[in-house]
Amino acid sequence: EPGPAVPQGLLRAARKSGQLNLSGRSLGEVPQHVWRINLDTPEEAHQNLSFGAADRWWEQVDLTKLILASNKLQCLSEDVKLLPALTVLDVHDNQLTSLPTALGHLENLQKLDVSHNKLKTIPEELMKLTRLKSLLLHHNELSYLPEGFGQLVNLEELDLSHNHLTDIPTSFALLIHLVRLNVAYNQLRSLPADISAMKSLRQLDCTKNYLETVPSELASMVSLEQLYLRKNKLRHLPEFPSCKLLKELHAGENQIEILNSENLKHLNCLSVLELRDNKIKSLPDEITVLQKLERLDLANNDISRLPYTLGNLPQLKFLALEGNPLRAIRRDLLQKGTQELLKYLRSKIQDDVASPSEEPPATAMTLPSESRINMHAITSLKLLEYSEKQAAVIPDEVFNAVRSYPVTTVNFSKNQLSEIPARIVELKDSVDDVNLGFNKLSSISLELCTLHKLTHLDIRNNFLTSLPEEMEALTRLQIINLSFNRFKVFPSVLYHLLALETVLLSNNQVGSIDALKLQKMDKLGTLDLQNNDLLQVPPELGNCETLRTLLLEGNPFRTPRAAVLAKGTAAVLEYLRSRIPA
């Protein structure tokens, strides 16, 4: 149904001003006389032939600006071509599933806003709008773009965020006037190197995609000032030799482990560096090259010590460090704020010069071979720890040191192990908690499957693609962390481990789950499948009554929609149950 008519007074005013705002009028379609506003003799001309100079309709101006935002339009008529003088067309927040090909006739159009609709494709004809400066397509359902996108040579602003794009046409390279490009919240696995040709680009937002690397060519983008790479899968920061103007770099919530001086040395203009929620272990002393830095956010990383030279950054006003295992700095000092902390660091630079640090001497009691091994931990904490050593193998002396102590916890995390040490089998009668996270394991050994008392197993951040069926022997396993591996399917052996209470599988490439088998896991309370490749969520998952926490964000499925996910686990399960076919 067309919805309410458009008042004549509005049309009359529009003929004088060239602007017509019909937003928020619950229109189901655009009345014909709006499209024909510059063609038909107006109503009042028929009724009253003695109008004053003010109403000389034949002196009307062409409509240049038409706003149809926040209505209920499901389609736009091809009659849009009857308004060839339009420079601005705004139809955001409607229910459009497609655009008319006639848009290609609006050769004067400079701004087109079709955001917050349900568009799945864009007509090729749109590529004829060579005067277009601003094109807003965010919050639609686009999964691809026409290859000819580069024909929109005058584009200055392009927003494609919150769609389903998996790649970007290489013709983007031709958009040399583009100043702002937003491709956040899509499904991009890479950026084409060609976009480095965008010589005018100042702001590039790639938040929340699946980027593992950034093309090195990006570094030659001479105008780039703000770069957002948050919530991707980056393992290291790109280097930016030519980005002399870069002022803000946001790369939080990635998997960055190392910051080296190469990453930093060209960023002379940087005022904001945001790296929170990564896995950075240390800061290079060369951080002082960032002389213009005002904000440095390193919260929730793995930083254990700070370079005292940080105290020498003249402009630094904000420094966030919470959630790091800082050893040398007392917590109360961290809470006193940035200025106090910097003052403390500066005072330590002096001390450092006075006494170069040295390793504490081995005590007379420990044998030289055991000086690397924490005997106190083995005897009193029942903990065998050999972590953060970058070791390719666990030395024999580590296992020899155990002797007959009943070790319950093993921590070999943050090394370079490519296989699980075979001697772990020696601990099978006592160990219940094993951490092998942050290594280079591509398979699980049969030795691990003999640890029959195991309740906790952490193998996050490895290269695993599958688990052996022999793991069925781990009948007491309650918690398993498999995040940040390379699983493409839900490991089938887990369906048989009925003591499991927590399964963490985020940041893999899992494409499907078997809801009926999950229902049999009657202790399962937490299932984390965030950032995987699930194209659909089986409705039967709603019958997993023990689930208290179900995390599904960051998958490409369409339903349940984000709004449902945001309401929490109970609401999601209820929604899924409602979708089970009768």
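Report the full-extension gain for the segment Y405 to A570: residue separation times 0.36 nm, less the Cα-Cα distance, to one decimal in nm.
Details: separation 165, 0.36 × 165 = 59.40 nm, distance 4.52 nm.
Full-extension gain reported as 54.9 nm.
With a ≥ b ≥ c taken as the square roots of the eigenvalues of the C-alpha gyration tensor of the stretch 482-565, please select rounded if a/c is under 1.5 and otherwise prolate if a/b is larger than b/c or oblate if it is not? Don't skip to the end; give the middle numbers.
On the way: a/c = 1.64, a/b = 1.20, b/c = 1.37.
Note, shape of the stretch 482-565 comes out oblate.
Given a cut-off of under 8 Å on Cα pairs at least six residues apart, what relative contact order in percent is computed for the stretch 412-460?
Rounded, it is 47 percent for the stretch 412-460.
What value does the stretch 437-485 have for Rg/Rh, both radii from Cα atoms and Rh as Kirkwood defines it?
Expressed as Rg/Rh, it is 0.94.
Need one word for the stretch 431-552: rounded, prolate or oblate. Basis is the Cα gyration tensor (sqrt eigenvalues a ≥ b ≥ c); a/c below 1.5 gives rounded, then a/b vs b/c decides.
oblate
If I fit a long axis through the Cα atoms of helix 338-354 and take the longest principal axis of the Cα atoms of the chain, what angle between them do I get, 0 to 90°, rounded to 10?
40 degrees
Taking only the C-alpha atoms, wrap a convex hull around the stretch 396-451 and report its volume per residue in Å³ as a whole number.
Hull volume normalised by residue count: 74 Å³.
Name all residues of the stretch 424-449 having a backbone nitrogen under 16 Å from the label point set 7 Å from the Cα of K523 along its Cα→Cβ direction, giving them as ranges.
So the set is 432-434.
Once you have a ≥ b ≥ c as the square roots of the Cα gyration tensor eigenvalues for the stretch 72-174, tell me rounded if a/c is under 1.5, and otherwise prolate or oblate according to whether a/b is larger than b/c.
oblate
With viscosity set to 1.567 mPa s at 4 °C, what whole-number translational diffusion coefficient in µm²/s follows for the stretch 104-237 from Stokes-Einstein and a Kirkwood radius over Cα pairs?
87 µm²/s
Which residue, F438, L267, L345, has the largest displacement toward the positive end of the dipole of the chain when charges sit on each Cβ (Lys, Arg +1; Asp, Glu -1)?
Final value for the positive-end residue is L345.
What's the magnitude of the charge dipole for the chain around its Cα centre, counting Lys and Arg as +1 and Asp and Glu as -1 at the beta-carbon? Answer in Debye, nearest 20.
The dipole magnitude comes to about 800 debye.
Is there a quick way to get the dipole size of the stretch 375-578? I mean about its Cα centre, with the Cβ of Lys and Arg at +1 and of Asp and Glu at -1; what is the value in debye to the nearest 20?
Here the size comes out at about 420 debye.
Round to the nearest 10 and report in Å² the accessible area of D62, as given by a 1.4 Å probe over the protein chains' heavy atoms.
90 Å²
If you count only protein heavy atoms with a 1.4 Å probe, what accessible area per residue comes out for the stretch 375-578, rounded to a whole Å²? The partial results should precede the final answer.
Details: 9030 Å² over 204 residues.
For the stretch 375-578, the per-residue accessible area is 44 Å².
Pull up the cross-link candidates among the lysines for K120, meaning alpha carbon to alpha carbon under 21 Å and not fewer than 8 places away within one chain.
Those lysines meeting the cut-off are K72, K111, K128, K208.
Please work out the Cα convex hull volume for the stretch 375-578 and give it in Å³ per residue.
110 Å³
Quick one: if you stick a label point 7 Å off each Cα along the C-beta vector at E419 and L383, how many nm between them?
3.0 nm
Could you check the spin-label model distance between V393 and E212? Points 7 Å from the Cα along Cα→Cβ, value in nm.
In this crude label model, V393 to E212 measures out at 2.9 nm.
Project the alpha carbons of the stretch 192-310 onto their principal axes and report the range along each, largest first, in whole Å.
40, 30, 19
Taking a spot 7 Å from the Cα of Q19 along the direction of its beta carbon, which residues of the stretch 66-84 have an amide N less than 11 Å from it?
Answer for the stretch 66-84: 66-67.
Provide Rg and Dmax in Å for the stretch 282-354, with only Cα atoms included in the calculation.
For the stretch 282-354, the Cα radius of gyration and maximum Cα-Cα distance read 11.4, 32 Å.
Give me the angle, in degrees from 0 to 90, between the Cα long axis of helix 8-17 and the longest principal axis of the Cα atoms of the chain, rounded to the nearest 10.
Helix 8-17 and the main axis of the chain meet at about 80 degrees.
With a 1.4 Å probe and every protein chain kept in, tell me what percent of the accessible surface of the stretch 125-198 is carbon plus sulfur.
So the carbon and sulfur contribution to the accessible surface is 51 percent.
Using the structure shown, list the pairs from K281/K317; K440/K488; K317/K343 with a Cα-Cα distance above 21 Å, or answer none.
From K281/K317; K440/K488; K317/K343, over 21 Å: K281/K317.
Determine the gain in length on full extension of the stretch A563-Y144; use 0.36 nm per residue of separation and subtract their C-alpha separation, reporting nm with one decimal.
Contour length minus Cα-Cα distance gives 148.5 nm.
For L10 paired with F318, estimate the spin-label separation in nm (one decimal), with each label point 7 Å from Cα along the Cα-to-Cβ line.
The answer from the label model is 4.2 nm.
Using bins 10 angstrom wide from zero, how does P(r) for the chain break down, in % of all Cα pairs?
Going out from 0 Å in 10 Å bins, the chain shows 3, 14, 18, 20, 19, 13, 7, 4, 2, 1, 0, 0 percent.
Could you work out how far helix 569-578 tilts from the main Cα principal axis of the chain, as a 0 to 90 degree angle to the nearest 10?
60 degrees
Just subtract the alpha-carbon distance of D514 and R189 from 0.36 nm times their residue separation and send over the number in nm, one decimal. Present the calculation step by step, with values, prior to reporting the outcome.
Working: separation 325, 0.36 × 325 = 117.00 nm, distance 2.64 nm.
Result for the pair: 114.4 nm of gain on full extension.
The values are calculated or read from the model by the stated rules, or taken from the named source; none is laboratory data. Quick caveat, the model's predicted, so the values are computed rather than measured. A quick note on method: Cβ atoms are made from the backbone with ideal geometry, for glycine too, and the neighbour counts reach across all protein chains shown. These accessible areas exclude ligands, DNA and RNA; they are computed on the full protein's heavy atoms, side chains included. Shrake-Rupley method; radii C 1.70, N 1.55, O 1.52, S 1.80 Å.
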